[in-house]
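Dropping the structure in here first, questions after.
Any read-out appearing in this document is the output of simple, stated calculations on the displayed coordinates, not a laboratory observation. Keep in mind the model is a prediction, meaning the values are calculated, not measured. Note that each Cβ is placed from the backbone with ideal geometry, even for glycine, and that neighbours are counted across all protein chains shown.
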Amino acid sequence: MVNETRTSETIATQYDVAQPQTEQKPAESKPKQPRQLVRFTFYKLDQQWQLLPAETREQGKQQLLSIFRTYEEHSLIRSFGLYGVRTNCDFMLWQATYQMEDLQGLSSQIRRSAMGPYLHEGQSMLAMTKRSVYVGKNARGAHDPRLVIMPSDKKYLFVYPFVKTRAWYVLPMEDRKRMMQEHIRVGLKYPSVLLNTTYSYGIDDQEFVVAFETDKIDDFLDLVQELRETEASQYTLRDTPMYSCIAQPLDTILEAIGA
């Protein structure tokens, strides 16, 4: 004898009755790698500082060095000398961090230090790391796509703001990629020069800040000259001022400028 007992599920299926569906959890997206905030700050020491008593200056110098070393314990910071190279600044601090408050904190401590009133911030450029749309994730050299700043600690760092014309942004992406590939090919001819590109759209006056690291000034000069001849160069609106920075410990810089 056929068992005519049916479950409610079987009957519902037979008569096409909709069954409650088990709620599916949305697939969890992979968390994005955080970007870093990057700041290049250029300082000029007022010569009036040198007129203060030697003991006062020594205490002020040690206080500034202590602030620098404490910051260095939790965030990236590098110091560079520009004295003897430019007249409007003596040194530059290159910072990279994940919190805007870190940038504010260091600036506040320097300003409130004994030397603070004598240190003029002549130029500051704020930017953020972001992957380039023109190169792969693992490229290194002409256009570095990293989200984490990792200085190679070469002797020289060449830093400048960069702004493209609005005409660049209305070009088809295919045309922009073609021109940037030419740009990249030129860069790869100079393996001694490494580039850190950071982005400033909406957070500072420039669109990019570019920082070239190298031990060979002549290679950098030749690279920039050759890049002027690329098709993409005609879409450059501004790429000055250019800062030639020499990597030096902060205590060495302060000693050299008479701090």
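Please compute the modelled spin-label separation between Val85 and Tyr201, points set 7 Å along Cα→Cβ, answer in nm with one decimal.
Placing both labels 7 Å beyond Cα along the Cβ direction yields 3.0 nm.
Taking loop as defined by DSSP and a crowding limit of 16 other beta carbons within 10 Å, which chymotrypsin sites (Phe, Trp or Tyr not before Pro) in segment 202-259 fit?
Within segment 202-259, no chymotrypsin sites (Phe, Trp or Tyr not before Pro) qualify (loop, at most 16 other Cβ atoms within 10 Å).
What Kirkwood hydrodynamic radius, in Å, does segment 114-259 give when the mean of 1/r is taken over all pairs of distinct Cα atoms and then inverted?
Mean inverse Cα-Cα distance, inverted, gives 16.7 Å.
Any idea how far apart Tyr235 and Leu188 come out in nm if each label point goes 7 Å out from Cα toward Cβ?
It works out to 2.0 nm between the two label points.
Right, here's the next one. With +1 on each Lys and Arg Cβ and -1 on each Asp and Glu Cβ, and nothing else charged, work out how big the dipole of segment 203-250 is about its Cα centre, in Debye to the nearest 20.
140
Please report the net charge: other residues with Cβ closer than 12 Å to the Cβ of Ala247, K and R +1, D and E -1.
Around Ala247, the charge tally is 0.
I need the GluC sites (Glu not before Pro) found in segment 53-128, filtered to DSSP loop residues with at most 16 other beta carbons within 10 Å of theirs.
Glu73
With 10 Å bins from zero, work out the P(r) of segment 184-246 over every alpha carbon pair and list the percent per bin.
P(r) for segment 184-246, in whole percents per bin: 17, 53, 28, 2.
What FRET efficiency comes out for Lys155 versus Gln59 if R0 is 25 angstrom and r is the Cβ-Cβ distance? Round to the nearest 0.05.
E between Lys155 and Gln59, to the nearest 0.05, is 0.20.
Here's another thing I want to ask about it. Which entries in Lys130/Lys177; Lys32/Lys189; Lys61/Lys216; Lys154/Lys189; Lys32/Lys177; Lys189/Lys216 show an alpha-carbon gap greater than 22 Å?
Beyond 22 Å between Cα atoms: Lys32/Lys189; Lys61/Lys216; Lys32/Lys177.
Along the charge dipole of segment 62-128, Cβ charges K/R +1 and D/E -1, which of His74, Asn88, Gln109 sits furthest on the positive end?
Farthest towards the positive end: Asn88.
May I ask you to derive the FRET efficiency for Glu255 and Glu121 from their Cβ-Cβ distance with R0 = 25 Å, giving the value to the nearest 0.05?
Efficiency, rounded to the nearest 0.05: 0.75.
Contour minus end-to-end for Glu72 and Arg166, with contour as 0.36 nm per residue of separation and end-to-end as the Cα-Cα distance?
Gain on stretching Glu72 to Arg166: 30.0 nm.
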